[in-house]
Amino acid sequence: MKIYTKTGDKGTTSLFGGTRVPKHHIRIESYGTVDELNSHIGLLRDQDTDKPTKEFLTQIQDRLFTIGSILATDPEKATLKNGKERLNIPKISSEDIEALEKEIDKMNEALPEMTHFILPGGHQSVSFCHIARCVCRRAERLSSALYDIEAFDEQVLIYLNRLSDYLFVLARKLSKQLQAEEIQWIPKKSK
């Protein structure tokens with residue numbers, strides 16, 4: 001398989017199913033941002049953290065490939081002529097979302113109560129986590145905009161929403177593990 005096809009040299013690309021769209025199409029922005037998020041999760045997974053967290057991040061990366069595939073599929077070509085679905089992969093399930101929620105709850109139990117917003121930072125690993133969270137929120141916004149135009153499995157939107165929550169709590173867990181200071185945002189009083 002050649003890496004370069006030259007078919008996108010004029011600013012278009014193919015969706016799964018063959019439909020060609022401009023590279024700036026909201027669908028491309030959506031799954032491109034999910035791909036960017038997946039790369040940030042990989043960077044986060046490469047940090048010095050515990051094995052269960054690394055394994056869970058790998059599961060998340062797998063689910064993000066699924067989400068990217070769903071977003072890269074033209075809804076009009078999602079079903080083949082024989083009635084079968086074009087994507088022959090597991091969908092995002094309620095179990096996937098529940099897994100994120102269980103991890104969030106488990107991490108949250110060991111963390112001090114949050115009373116203020118927290119400034120991102122404190123340690124490089126924590127900062128990588130906050131960057132991934134922000135990219136996740138952007139992926140969610142773009143996917144939500146796409147959903148308004150061409151609906152797809154709404155479990156994708158729920159998963160992305162819960163994933164950004166997971167990444168926020170993971171950043172707090174890493175702060176605690178790494179003994180990094182969490183700096184609270186306390187707005188200055190106006191004069």
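The values are calculated or read from the model by the stated rules, or taken from the named source; none is laboratory data. A quick note: this is a predicted structure, and the numbers were derived from the prediction, not measured. Quick reminder, even Gly has a Cβ in these numbers, built from the backbone with ideal geometry, and neighbours come from all protein chains shown. Quick note on the areas: whole protein, heavy atoms, side chains included, nothing else; ligands and nucleic acids left out. Shrake-Rupley method; radii C 1.70, N 1.55, O 1.52, S 1.80 Å.
Key figures
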read-out	value
Among residues of the range 1-22, those that are closer than 29 Å to residue 162 by Cβ and exposed (fewer than 14 other Cβ atoms within 10 Å of the Cβ), counted	0
So residue 157, is it closer than 30 Å to residue 76 by Cβ, free of Cβ contacts under 8 Å to residues at least 60 places away in the same chain and of a type outside the set (D, E, K, R)	yes
Residue among 21, 34 that alone is touching a residue at least 60 places away in the same chain (Cβ under 8 Å) and either part of a helix (DSSP H, G or I) or farther than 19 Å from residue 157 by Cα (or both)	34
Index of the failed condition, residue 169 passing every other in (1) out of contact with any Lys or Arg (no Cβ under 8 Å at 6 or more places or on another chain); (2) β-branched (Val, Ile, Thr); (3) without any contact (Cβ under 8 Å) to a residue 24 or more places away in the chain	(3)
Any hit, the range 72-89, residues being within 30 Å of residue 128 (Cα to Cα), at pLDDT 80 or above, open to solvent by 30 Å² or more (accessible area, probe 1.4 Å) and in a loop (DSSP other than H, G, I, E, B)	yes
Subset of the range 43-63 [open to solvent by less than 10 Å² (accessible area, probe 1.4 Å) and either outside any helix (DSSP H, G or I) or free of Cβ contacts under 8 Å to residues at least 40 places away in the same chain (or both)]	57
Test result for residue 112, under 19 Å from residue 158 (Cβ atoms) and at pLDDT below 95	no
